[in-house]
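Participant: Below are the structure tokens for one structure; questions will follow.
The values are calculated or read from the model by the stated rules, or taken from the named source; none is laboratory data. Quick caveat, the model's predicted, so the values are computed rather than measured. Virtual Cβ from ideal backbone geometry, glycine too; neighbours counted across all protein chains shown. The area values use the complete protein model at the heavy-atom level, side chains included, leaving out ligands, DNA and RNA. Shrake-Rupley method; radii C 1.70, N 1.55, O 1.52, S 1.80 Å.
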Amino acid sequence: MVIFKSTQDIIEYISAEKGKGVKYGFVPTMGALHEGHLSLIARVRNEGQAVICSIFVNPTQFNDKKDLEKYPITTDADIELLVKAGCDVLFLPGVEEIYPGGEQQTRSYEFGYLDTILEGAKRPGHFKGVGQVVGRLLDIVQPDTLYLGQKDYQQCMVLTKLLELTGRDKMKLVICPTTREADGLAMSSRNRRLTEPQRIIAGVIYQCLVSIQTKQEGGSFAIVKKECEELLAAKGFATEYVALADARDLTLLDEYNREIPMVALIAAKIGEIRLIDNILL
Ligand code: AMP
């Protein structure tokens with residue numbers, strides 16, 4: 001695996017490799033890697049492309065500065081995992097490589113409706129930061145395919161829009177299924193911060209999503225939502241939302257509509273740790 005910290009160096013390297021006909025799949029991450037990230041890397045390899053992974057904890061997407069300060073950094077372990085997973089290129093830039101003229105000078109994008117609901121509403125400025133960093137990373141890496149996790153469903157929609165806004169019609173986007181722990185908890189870098197008692201109950205978020213999925217047969221979403229909120233509260237979670245939406249554009253739904261593809265989404269905090277998850281119906 002080759003590691004680059006400098007933007008100029010990686011640009012030159014990738015351009016030379018692409019000249020030889022190498023096709024690249026890109027997996028942007030914030031590090032503290034787990035099996036969810038590694039599943040994306042395995043997918044790139046299975047699809048026959050060389051793998052570029054980036055690790056960059058992007059300050060502009062943290063609306064909560066405490067969350068940024070406490071974000072786990074495990075670079076040495078990450079490098080070891082990436083080598084084992086067969087990653088070809090790792091981009092490990094510092095802030096000055098990504099935002100050379102400062103954050104304000106870096107192009108940002110408007111995501112309209114998508115930025116006003118759910119994560120957009122609860123984390124003001126978050127998607128602006130995500131768009132800014134992924135836009136910049138794509139300019140640098142110029143991959144053939146971008147690989148994202150369904151775990152961050154709304155982010156996938158925002159980045160689909162980013163590809164449209166930046167005229168990257170030829171870039172393929174692959175959305176990979178969520179990797180879970182045995183009790184259903186979606187793998188996340190933030191899970192490392194859970195205490196043991198918190199970890200034991202964290203699987204309840206997935207149980208709620210499964211019950212929303214199961215009860216679409218003849219059930220009422222309004223009732224299931226209330227049950228989920230009560231269960232989450234009983235377990236000590238502060239729920240931010242239990243929502244149902246049209247899976248194609250995230251239009252929020254008050255009730256099940258079996259005529260359209262739907263997605264259920266939950267965000268809840270246990271102690272200081274904010275967890276999100278979703279399930280397709
Ligand atoms: P992050 O490091 O959290 O920014 O995530 C980097 C990429 O990995 C994003 O596309 C995430 O959606 C994806 N990802 C994170 N957790 C999982 C998971 N449990 N399963 C699959 N993909 C994931």
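Participant: Per residue, how many Å² of accessible area does region 2-87 show with a 1.4 Å probe?
Facilitator: Per residue, region 2-87 has 48 Å² of solvent-accessible surface.
Participant: Averaging sequence separations of C-alpha pairs under 8 Å and six or more residues apart, then dividing by the length of region 189-280, give the relative contact order as a whole percent.
Facilitator: On the way: 130 pairs, mean separation 26.0, N = 92.
This gives 28 percent for region 189-280.
Participant: Among DSSP bridges having both ends in the chain, what percentage is antiparallel? Round to the nearest 5.
Facilitator: Here the share of antiparallel DSSP bridges comes out near 50 percent.
Participant: Using a cut-off of 21 Å between alpha-carbon atoms, which lysines can reach LYS225, once sequence neighbours fewer than 8 places away in the same chain are excluded?
Facilitator: Within the straight-line cut-off, LYS225 pairs with LYS122, LYS151, LYS215, LYS235, LYS269.
Participant: Hey, another quick one. Convert each backbone phi in region 132-139 into a coupling constant with the Karplus relation 6.51 cos²θ - 1.76 cosθ + 1.60 (shift: θ = phi - 60°), then list the ³J(HN,Hα) values in order as whole Hz, x for Gly and Pro.
Facilitator: Each residue of region 132-139 in turn: 4, 6, 5, x, 5, 4, 5, 4 Hz.
Participant: Percent of accessible area on region 1-116 owned by carbon and sulfur, 1.4 Å probe? Kindly include the intermediate steps, with their values, before the conclusion.
Facilitator: Numbers: 2870 of 5810 Å².
Heavy-atom surface of region 1-116 belonging to carbon and sulfur, 1.4 Å probe: 49 percent.
Participant: To the nearest 20 debye, what is the magnitude of the charge dipole of region 189-280 about its Cα centre, counting +1 on the Cβ of each Lys and Arg and -1 on the Cβ of each Asp and Glu?
Facilitator: 460
Participant: Give the aspartates and glutamates whose C-alpha is closer than 13 Å to that of LYS5, dropping any in the same chain fewer than 8 places away, or say none.
Facilitator: Excluding near neighbours in sequence, the set is GLU96, GLU97.
Participant: Here's another thing I want to ask about it. About the Cα centre of region 2-176, how large is the charge dipole given +1 on each Lys and Arg Cβ and -1 on each Asp and Glu Cβ? Please answer in debye to the nearest 20.
Facilitator: 340
Participant: Which FRET efficiency, nearest 0.05, do LYS70 and GLU255 yield, Cβ-Cβ r, R0 41 Å?
Facilitator: 0.60
Participant: Related question: Which one of LEU209, GLY120, SER220 has its Cα pushed farthest toward the positive end of the charge dipole of the chain, where Lys and Arg give +1 and Asp and Glu give -1 at the Cβ?
Facilitator: Toward the positive end, the furthest listed residue is LEU209.
Participant: A further question on this structure: Relative contact order (percent) for the chain, with alpha-carbon contacts under 8 angstrom and 6 or more residues of separation?
Facilitator: 17
Participant: Got the relative contact order for region 1-122 handy, in percent, Cα pairs under 8 Å and 6 or more residues apart?
Facilitator: Relative contact order comes out at 35 percent.
Participant: Heavy atoms only, probe 1.4 Å: what % of the accessible area of region 189-280 goes to carbon and sulfur, would you let me know?
Facilitator: Details: 2320 of 4400 Å².
It is 53 percent, rounded to a whole number.
Participant: Apply the Karplus parameterisation 6.51 cos²θ - 1.76 cosθ + 1.60, with θ equal to phi minus 60°, to every residue of region 265-281 and state each ³J(HN,Hα) to the nearest whole Hz, in sequence, with x for glycine and proline.
Facilitator: For region 265-281, the Karplus-derived couplings read 9, 10, 10, 8, 10, 10, x, 8, 8, 9, 10, 10, 7, 7, 8, 7, 9 Hz, x marking Gly and Pro.
Participant: List the aspartates and glutamates whose alpha-carbon lies under 14 Å from that of LYS66, not counting same-chain residues fewer than 8 positions away?
Facilitator: GLU272
Participant: To continue, here is another question. Quick one, can you get me the convex hull of the C-alpha atoms of region 29-76 expressed as volume per residue in Å³?
Facilitator: Numbers: hull volume 4.3 nm³, N = 48.
Spelled out: Cα convex hull of region 29-76, divided by residues, is 89 Å³.
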